[in-house]
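Working notes, beginning with the structure itself.
The values are calculated or read from the model by the stated rules, or taken from the named source; none is laboratory data. Model, not experiment: these values are computed from the prediction. So basically every Cβ, Gly included, is an ideal-geometry build from the backbone, and we count neighbours across all protein chains shown.
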Amino acid sequence: MTIVATGLHASAATPADRTDKANRADKADKGVGPLLRAWRERRRTSQLELALRADSSARHISFIETGRSRPSEEMVLRLAEHLDVPVRERNALLLAAGYAPHYPETPLDDPALDALRDGMERLIQGYEPYPALVVDAGYTVVAANRGITMLLEGVPEKLMTPAPNAMRLTLHPEGLAPRIRNLREWRGHLLAQMEREIALHRSDQLRALYEEVAAYPVPEDAPGVEPAEPVPYFALPMQIEHDGRILSFVSSISTFNTPMDVTVAELAIETFLPADPATTKYLHTLAG
């Protein structure tokens with residue numbers, strides 16, 4: 001897949017995707033009780049606390065977790081909601097309990113998502129000249145505006161095909177990494193972000209990606225570079241060189257509220273806001 005200014009594409013399945021699907025099938029064989037207990041413990045919630053939230057009893061929660069009681073479909077969804085279980089994993093819980101998946105997983109190029117695609121394209125186009133992109137749960141880039149295309153100038157084609165990945169593009173030694181002036185800090189920020197996602201989603205695909213990008217070498221002479229004049233940043237900026245200038249951005253990630261589709265739930269829109277007046281002026285100059 002080649003990044004175009006605002007092209008949305010469905011990402012191809014990877015070996016890690018297939019491993020995730022196989023693992024979800026294994027979970028279904030183990031029953032819903034151990035899975036719910038694992039999510040409860042991951043959220044550091046007691047049986048009593050969960051019972052109070054879900055309008056149940058600690059005894060009933062205990063019976064569900066030990067397999068002495070089979071929860072209703074409505075109870076599975078209620079517990080998943082109060083445990084903040086990701087939408088994809090809610091389907092896995094339902095399958096483990098003997099029910100059909102509740103949330104569809106519509107391909108991104110399906111006509112049913114035309115309005116969603118159009119809306120996202122308008123959003124990232126409207127953000128120009130500032131960079132913005134859309135990624136899926138595995139950080140595969142499914143859309144990007146001209147601001148992102150500008151930052152990716154000079155990145156080799158092998159990192160752009162068949163499915164460009166935002167983490168690889170940023171941290172690979174042949175990607176943006178050599179031009180990121182505060183690479184150590186920005187790399188640490190991205191790896192910590194991935195660790196949080198892995199803890200939330202328990203995804204083998206994300207774990208494999210994390211291990212890959214964390215192993216990329218970091219030049220010993222790649223310390224964080226302070227600007228010539230201190231700037232009161234309100235968040236960690238990414239300082240990247242472009243055409244002999246140092247551009248500074250802070251990023252913001254948006255997701256969809258209360259999604260009812262797995263695909264939609266796993267999309268994220270990342271926008272890059274100029275962190276200093278010089279970056280703002282330069283981008284507007286490029287845009288004409």
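Structure summary
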{"item": "Selection from region 141-176 of residues that are part of a strand (DSSP E or B) and free of Cβ contacts under 8 Å to residues at least 60 places away in the same chain", "result": "165"}
{"item": "Condition broken by residue 114, with the remaining ones in (1) crowded, with 17+ Cβ neighbours inside 10 Å; (2) part of a helix (DSSP H, G or I); (3) modelled with pLDDT of 95 or more satisfied", "result": "(1)"}
{"item": "Yes/no for residue 70 being touching a helix residue (DSSP H, G or I) at 6+ places or on another chain (Cβ under 7 Å), at pLDDT 50 or above and farther than 28 Å from residue 107 by Cα", "result": "no"}
{"item": "Residue pairs meeting the criteria (Cβ under 9 Å; at least 6 apart or on separate chains; first assigned by TED's automatic domain parsing to the domain that holds residue 172 and over 14 Å from residue 166 (Cβ atoms), in region 199-221; second assigned to a loop (DSSP other than H, G, I, E, B) and of a type in the set (Asp, Glu))", "result": "200/84; 201/266"}
{"item": "In region 203-217, the residues that are surrounded by 14 or more Cβ atoms within 10 Å (Cβ to Cβ) and not in a helix (DSSP H, G or I)", "result": "203, 216"}
{"item": "Filtered residues of region 231-272 (kept if buried (at least 18 other Cβ atoms within 10 Å of the Cβ), more than 30 Å from residue 85 (Cβ to Cβ) and not polar (S, T, N, Q))", "result": "237, 238, 240, 246, 247, 249, 272"}
{"item": "Subset of region 248-288 (residues that are part of a helix (DSSP H, G or I) and either charged (D, E, K, R) or closer than 26 Å to residue 114 by Cβ (or both))", "result": "262, 263, 264, 265, 281"}
{"item": "Residue in region 177-184 that is in a loop (DSSP other than H, G, I, E, B) and either under 30 Å from residue 70 (Cβ atoms) or under 19 Å from the mean Cα position of the chain (by Cα) (or both) present", "result": "no"}
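Yes or no, residue by residue, for (1) within 28 Å of residue 117 (Cβ to Cβ); (2) among the β-branched types (Val, Ile, Thr); (3) surrounded by fewer than 22 Cβ atoms within 10 Å (Cβ to Cβ):
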{"position": "148", "(1), (2), (3)": "yes, yes, no"}
{"position": "152", "(1), (2), (3)": "yes, no, yes"}
{"position": "191", "(1), (2), (3)": "no, no, yes"}
{"position": "201", "(1), (2), (3)": "yes, no, yes"}
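Conditions tested, residue by residue: (1) among the basic types (Lys, Arg); (2) in a helix (DSSP H, G or I); (3) surrounded by fewer than 17 Cβ atoms within 10 Å (Cβ to Cβ).
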{"residue": "40", "(1), (2), (3)": "yes, yes, no"}
{"residue": "55", "(1), (2), (3)": "no, no, yes"}
{"residue": "81", "(1), (2), (3)": "no, yes, yes"}
{"residue": "84", "(1), (2), (3)": "no, no, yes"}
{"residue": "101", "(1), (2), (3)": "no, no, yes"}
{"residue": "105", "(1), (2), (3)": "no, no, yes"}
{"residue": "123", "(1), (2), (3)": "no, yes, no"}
